[in-house]
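**Student:** Below is a structure I'd like to ask you about.
A short reminder: the numbers here are calculations on the coordinates, not readings from a lab. Not measured: the values here are computed from a predicted model. Neighbour counts are summed over all protein chains in view; Cβ atoms, including those assigned to glycine, are modelled from backbone coordinates with ideal geometry.
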Amino acid sequence: MSDEILLEAKKVGMEFGGLKAVDAFDLQLRRGELVGLIGPNGAGKTTCFNCLTGVYKPTSGEVIIRGVNTRGLKTHEVSRLGMTRTFQNIRLFKELSVLDNVIIAGLQHARQSVLDDVLRHPRHYVEEARTRERALELLRIFNLEGKADLPSSSLPYGEQRRLEIVRALATEPRVILLDEPAAGMNDKETEDLMHLIAQIRRDFRLTVLLIEHDMRLVMGICERIIVLDHGCIIAQGTPAQIKCDPAVIAAYLGVDEKTTEAT
Amino acid sequence: MEASQQEFLQHLLNGVTLGSIYALIALGYTMVYGILQLINFAHSEVYMMGAFAAYYTGRSLNLDQSPGVLSFIILLVAAIVACSVLGLTIERLAYRPLRKAPKLNILITAIGVSLLLQYSAQIIFGAEPKLFPEVLADRTLFTVAEVEVRTLDITIFLVGTLAMGGLHFLIHHTRLGMAMRAVSVNGPVASLMGINVDRIIMWTFVVGSSLAAVGSVLVGLKYPKIDPLMGMLIGIKAFVAAVLGGIGSLPGAMLGGIFLGLSEEMVVAYLSSTYRDALAFGILIVVLLFRPAGLMGTPVREKV
């Protein structure tokens with residue numbers, strides 16, 4: 001079953017007032033894969049993510065998650081199919097504690113009704129303990145356990161990024177989309193993050209789609225890379241193939257070479 | 001004790017009583033604002049409808065013949081059910097279709113719904129005031145420092161405090177409340193975390209409307225004349241209380257309500273009752289000029 005397709009995009013297109021941000025985007029993500037989505041700024045990578053996760057309704061094409069066509073589904077219903085994401089610019093529930101951020105993401109799996117909860121049915125206490133323990137366990141894996149009760153906005157930047165991943169994992173996803181998880185991190189942090197992504201992928205049996213600017217990260221851990229430019233896929237293949245692809249070099253690496261060397 | 005001191009304490013008590021009613025209604029404004037960034041102008045009409053639901057329930061069950069706590073609770077339940085259903089209906093039919101529309105459109109819709117309800121109520125119930133069933137006799141319960149503490153004052157204060165305590169419990173100690181806070185911080189992200197935002201919004205309307213319902217029964221008991229336009233002035237004042245406390249902030253709404261109630265009572269007592277309503281609007285103008293985020297609110301930084 002390892003070639004089971006968990007996430008599939010068929011000719012997905014997204015237009016904003018006549019401007020094609022994404023055009024005929026095709027993707028097949030098989031179980032356990034780690035795929036990178038790269039491209040110059042404004043290539044439409046984040047728009048792709050928004051289409052896949054149901055934040056945008058694609059103007060054309062279809063997104064199929066674990067065999068279910070997401071057309072007409074609401075964002076939370078798409079999330080409940082087992083796909084989640086993190087954000088390029090961190091979007092934690094700032095006013096809430098670190099622990100609450102994680103618990104909220106697990107609410108969809110709560111086995112108690114609103115009445116159980118409000119009237120303090122015994123089920124509530126069982127459920128409370130279970131979700132709390134699970135959230136703490138996730139925080140422990142990411143070395144954030146000691147900060148569980150702090151407001152999430154008080155964490156340093158790198159930890160906020162990690163917390164976003166924890167929160168995403170708390171939804172118990174099968175597929176996770178990471179939008180520039182290493183943005184703003186230094187070399188050491190990026191290095192740690194690479195190991196972390198590899199580790200959670202193994203431990204949680206995740207399928208990962210990753211948007212990243214940091215070429216070292218993408219080339220280092222992705223098995224397959226898709227290159228987007230002006231909303232269209234211009235190349236895909238293994239990191240080695242992508243490195244030598246003339247179209248990619250012209251569109252992306254060539255233009256971006258200086259910055260890549262500098263980091 | 002001097003007469004003036006005793007008078008002051010009496011006004012203090014009245015002010016807090018009035019203030020807890022403002023606070024109850026202000027909470028409905030602030031909750032909906034926190035989740036949808038919408039001033040739900042129809043909220044004052046939900047409150048009015050609560051009073052009428054309680055009135056008709058009381059009349060059909062002849063509750064003024066059997067006054068007591070049970071009758072009072074029956075009125076509360078009737079008002080809560082009616083207001084919740086009305087609040088849900090307004091959300092479903094008027095606001096939800098406009099969820100993605102510009103804020104101004106929804107605001108105008110809210111005013112429209114408010115007018116629709118006011119005038120429908122005049123057609124259905126008649127414009128002349130009705131006498132709210134007297135289910136709790138207003139006796140002097142005890143006298144502290146020569147201040148008369150009456151049944152209704154205590155009831156309003158206790159029920160109001162209980163309702164607000166219940167709300168605090170709901171928001172901070174239940175999953176539903178946690179989801180509400182998440183949606184109010186960032187709805188789109190909450191939905192990506194699997195939270196059904198529509199359902200949370202519905203609950204917000206149920207809870208906010210229920211608080212207005214409680215307020216309407218308390219007001220009905222204290223000032224027994226009810227009419228279809230009774231929501232207008234108290235609604236605007238509760239709105240001022242919410243803005244004063246910082247719209248979107250629950251403790252702010254409570255604080256703003258009590259503050260407004262106290263100030264009104266003091267103005268009436270020591271200046272003139274003519275200035276009673278002017279005060280609320282005066283406060284609104286001053287808050288908007290000098291501290292638009294309110295007492296407990298956090299200033300929003302506009303991105304440029």
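**Student:** Would you list which aspartates and glutamates come within 13 Å of A:LYS45, measuring only between C-alpha atoms, while excluding same-chain residues fewer than 8 positions from it?
**Tutor:** A:ASP23, A:ASP26, A:ASP179, A:GLU180, A:GLU212, A:ASP229
**Student:** Rounded, prolate or oblate: which fits region B:153-304, taking a ≥ b ≥ c as square roots of the Cα gyration tensor eigenvalues, rounded meaning a/c under 1.5, else prolate when a/b beats b/c? Numbers along the way, then the final one.
**Tutor:** On the way: a/c = 2.30, a/b = 1.42, b/c = 1.62.
Taking the square roots of the gyration eigenvalues as a ≥ b ≥ c, region B:153-304 is oblate.
**Student:** Shifting gears a bit: Is the C-alpha gyration tensor of region B:144-233 telling us rounded, prolate or oblate? Criteria: a/c under 1.5 is rounded; beyond that, a/b larger than b/c is prolate, otherwise oblate.
**Tutor:** Working: a/c = 4.29, a/b = 2.01, b/c = 2.13.
Oblate shape, in that a/c is at least 1.5 and b/c is the bigger or equal ratio.
**Student:** Taking amide H positions as placed 1.01 Å from N in the peptide plane, with prolines and chain starts having none, which residues 5 or more places from A:GLY61, or on another chain, fall under 5 Å of its amide H?
**Tutor:** A:GLY13
**Student:** Moving on to the next point. Would you please classify the overall shape of region B:185-226 from the alpha carbon gyration tensor, given that a ≥ b ≥ c denote the square roots of the eigenvalues, rounded means a/c under 1.5, and beyond that prolate means a/b larger than b/c while oblate covers the rest?
**Tutor:** On the way: a/c = 6.43, a/b = 4.80, b/c = 1.34.
Prolate, because a/c is 1.5 or more and a/b exceeds b/c.
**Student:** Taking only the alpha-carbon atoms of region A:193-235, what semi-axes of the equivalent ellipsoid follow from 5 times the gyration tensor eigenvalues under a square root, in whole Å, largest first? It would help to have the intermediate numbers written out before the result.
**Tutor:** Values: eigenvalues 100, 27, 12 Å².
The three semi-axes for region A:193-235 are 22, 12, 8 Å.
**Student:** By what distance, in whole Å, do the Cα atoms of the protein assembly as shown stretch along each of the three principal axes, largest value first?
**Tutor:** If we take the Cα atoms of the protein assembly as shown, the spans are 92, 49, 49 Å.
**Student:** Now for a different question. For the pairs B:LYS130/B:LYS237; A:LYS11/A:LYS147; A:LYS20/A:LYS147; B:LYS103/B:LYS225; A:LYS147/B:LYS237; A:LYS20/A:LYS188, note any where the Cα-Cα span goes beyond 32 Å.
**Tutor:** Details: B:LYS130/B:LYS237 22 Å; A:LYS11/A:LYS147 44 Å; A:LYS20/A:LYS147 43 Å; B:LYS103/B:LYS225 36 Å; A:LYS147/B:LYS237 42 Å; A:LYS20/A:LYS188 37 Å.
Check vs 32 Å cut-off fails for A:LYS11/A:LYS147; A:LYS20/A:LYS147; B:LYS103/B:LYS225; A:LYS147/B:LYS237; A:LYS20/A:LYS188.
**Student:** I need the fraction of alpha carbon pairs in region B:51-186 separated by more than 27 Å, rounded to a whole percent.
**Tutor:** Value for region B:51-186: 44 percent of Cα pairs lie more than 27 Å apart.
**Student:** Tell me, what is the Rg over Rh of chain B, with Rh the Kirkwood radius over Cα pairs?
**Tutor:** On the way: Rg = 19.3 Å, Rh = 19.8 Å.
With Rh from the inverse mean 1/r over Cα pairs, Rg/Rh is 0.97.
**Student:** Tabulate in residue order the Karplus-calculated ³J(HN,Hα) for region A:125-138, using 6.51 cos²θ - 1.76 cosθ + 1.60 with θ = phi - 60°, rounded to whole Hz; enter x for Gly and Pro.
**Tutor:** Running phi through 6.51 cos²θ - 1.76 cosθ + 1.60 with θ = phi - 60° gives 5, 4, 5, 4, 4, 5, 5, 4, 4, 5, 5, 5, 4, 4 Hz.
**Student:** Next question, about the same structure. Using alpha carbons only, how many degrees (0 to 90, rounded to 10) separate the axis of helix A:187-203 from the longest principal axis of chain A?
**Tutor:** Helix A:187-203 sits at roughly 70 degrees to that axis.
**Student:** Would you look at the GNM of chain B, springs on alpha carbons closer than 10 Å, and say which of B:LEU104, B:LEU116, B:LEU131 moves the most?
**Tutor:** Fluctuation is largest for B:LEU104.
**Student:** Another question, then. Any chance you could get the radius of gyration and Dmax over the Cα atoms of region A:1-85, in Å?
**Tutor:** 12.6, 42
**Student:** Summing -39500 (n - 2.57) over the DSSP H runs of n ≥ 4 in the protein assembly as shown and dividing by its residue number, what mean residue ellipticity at 222 nm do you reach, to the nearest 500 deg cm²/dmol? Let's see the in-between values first.
**Tutor:** On the way: 20 runs with 317 residues, N = 567.
Helix-only estimate at 222 nm: -18500 deg cm²/dmol.
**Student:** For the residues A:GLU191, A:GLU4, B:GLU91, what sequence is obtained by ranking on other C-beta atoms within 10 Å, fewest first?
**Tutor:** On the way: A:GLU191 15, A:GLU4 11, B:GLU91 24.
Going from least to most buried by this count: A:GLU4, A:GLU191, B:GLU91.
**Student:** Just to be sure I understand the curve: with the Debye formula and one point per C-alpha of region A:92-172, what is log10 I(q)/I(0) at q = 0.23, 0.27 Å⁻¹?
**Tutor:** -1.00, -1.23
**Student:** Based on the alpha carbons, how large is the Rg to Rh ratio for region A:1-153 when Rh follows Kirkwood? Intermediate results must be reported in sequence, preceding the final value.
**Tutor:** Working: Rg = 18.7 Å, Rh = 18.0 Å.
Using only Cα positions, Rg/Rh for region A:1-153 is 1.04.
**Student:** Please report, to two decimal places, log10 I(q)/I(0) for region B:66-125 at q = 0.15, 0.28 Å⁻¹ as given by the Debye formula with identical point scatterers on the Cα atoms and no solvent.
**Tutor:** The Cα Debye sum returns log10 ratios of -0.61, -1.10.
**Student:** What is the Cα centroid distance between region B:90-109 and region A:84-158, reported in whole angstrom?
**Tutor:** Measuring centre to centre over Cα atoms gives 32 Å.
**Student:** Would you pull out the residues with amide H under 5 Å of A:ASP229's amide H, same chain only if 5 or more places away, H placed 1.01 Å from N?
**Tutor:** A:ILE234
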